[in-house]
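S.K.: The structure is given below, and queries will be raised subsequently.
The values are calculated or read from the model by the stated rules, or taken from the named source; none is laboratory data. Everything numeric in this text was worked out from a predicted model, so none of it was measured. Here the Cβ is made from the backbone with ideal geometry for all residues, glycine too, and neighbour counts use every protein chain on show.
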């Protein structure tokens, strides 16, 4: 076993975005709204499972969702906004209901408060507006304004955000200084593979296919991160993704064992070599088939429990990682 200054760690981050993460390609039709409303229960079930298993998770939440009403949201809307070349990407044209009850797909203040008071759960940012850092038509000043709005609406919940997950994994290294200045000490960088490489969406279909293949037949174990590779010389610490917990699909039912085997291989590699395994997904991914999705997650957490006992592996939020790295 390789000895390191820090033991291995499991980091779990979830992209809490509801309709804001899909609005550019999926209209808020009645079936979509119904699914997203059910997904709020999925969030609560996941949080309860994490508490039961003593798992510290990071909930990267779109800033719009911190509001419980349109009236509550409006004071935080930034005056400087991105002007994307593709009008479909502009979230500020989206129609928002009067309050959470009327529009649970776009407003979720009560859900954010529920997570914030749940033991071991970190509220983080998924930007204020599900911002796309690599799309034409936006710039660093709009990015600064977006992050300031995210911090502002978080403060209305008595929260300070220190971890950031980039929508569509579009990390722009030239924004590192602005991100750090906005108070973010840690980001989830993209997984180091072709399908996860930061890029505008012009080649999204090719990259989606690559990511799908990566879930089942990608390199095993999936990439993990050495503590010595964390750095913040020009910006926040980068804790890159290791694997996406792809949701259950009936058509790929027989591939479930391959998916589980690849994730557990990553956990074992991180535990035995003192590295970080970063697992992520969207809570709404679990909603269509909650049974098999939750079962797979429990099996992943079973393996983590074994490694925690045998190898000293820890559960850390993204904020925990940044604090540990700074201390070291």
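S.K.: Anything in region 270-295 that is crowded, with 20+ Cβ neighbours inside 10 Å, closer than 9 Å to residue 247 by Cβ and either free of Cβ contacts under 8 Å to residues at least 60 places away in the same chain or in contact with a strand residue (DSSP E or B) (Cβ under 8 Å, 6 or more places away or on another chain) (or both)? List them, or say none.
M.R.: 282, 293
S.K.: Within region 122-130, does at least one residue satisfy the condition of being surrounded by 19 or more Cβ atoms within 10 Å (Cβ to Cβ), modelled with pLDDT under 95 and touching a strand residue (DSSP E or B) at 6+ places or on another chain (Cβ under 8 Å)?
M.R.: The initial filter retains those residues of region 122-130 that are surrounded by 19 or more Cβ atoms within 10 Å (Cβ to Cβ), namely 122-130.
Still in the list and also modelled with pLDDT under 95: none.
Scanning region 122-130, I find no residue that is surrounded by 19 or more Cβ atoms within 10 Å (Cβ to Cβ), modelled with pLDDT under 95 and touching a strand residue (DSSP E or B) at 6+ places or on another chain (Cβ under 8 Å), so the answer is no.
S.K.: Among the listed residues 137, 152, identify the single one that is part of a loop (DSSP other than H, G, I, E, B) and either buried (at least 22 other Cβ atoms within 10 Å of the Cβ) or at pLDDT 95 or above (or both).
M.R.: On the way: 152 fails: part of a loop (DSSP other than H, G, I, E, B).
Exactly one residue qualifies, and that residue is 137.
S.K.: Output the residues belonging to region 1-37 that are in a strand (DSSP E or B) and either more than 19 Å from the chain's Cα centre (by Cα) or modelled with pLDDT under 95 (or both).
M.R.: Scanning region 1-37 gives no hits.
S.K.: Mind counting the residues in region 76-119 that are surrounded by fewer than 16 Cβ atoms within 10 Å (Cβ to Cβ) and in contact with a strand residue (DSSP E or B) (Cβ under 6 Å, 6 or more places away or on another chain)?
M.R.: Final tally of qualifying residues: 0.
S.K.: Which residues, counting only those in region 221-233, are at pLDDT below 65 and in contact with a helix residue (DSSP H, G or I) (Cβ under 7 Å, 6 or more places away or on another chain)?
M.R.: none
S.K.: Consider region 50-73. How many of its residues are in contact (Cβ under 8 Å) with a residue 60 or more places away in the chain, part of a loop (DSSP other than H, G, I, E, B), within 19 Å of residue 104 (Cβ to Cβ) and over 15 Å from the mean Cα position of the chain (by Cα)?
M.R.: Total satisfying the criteria: 1.
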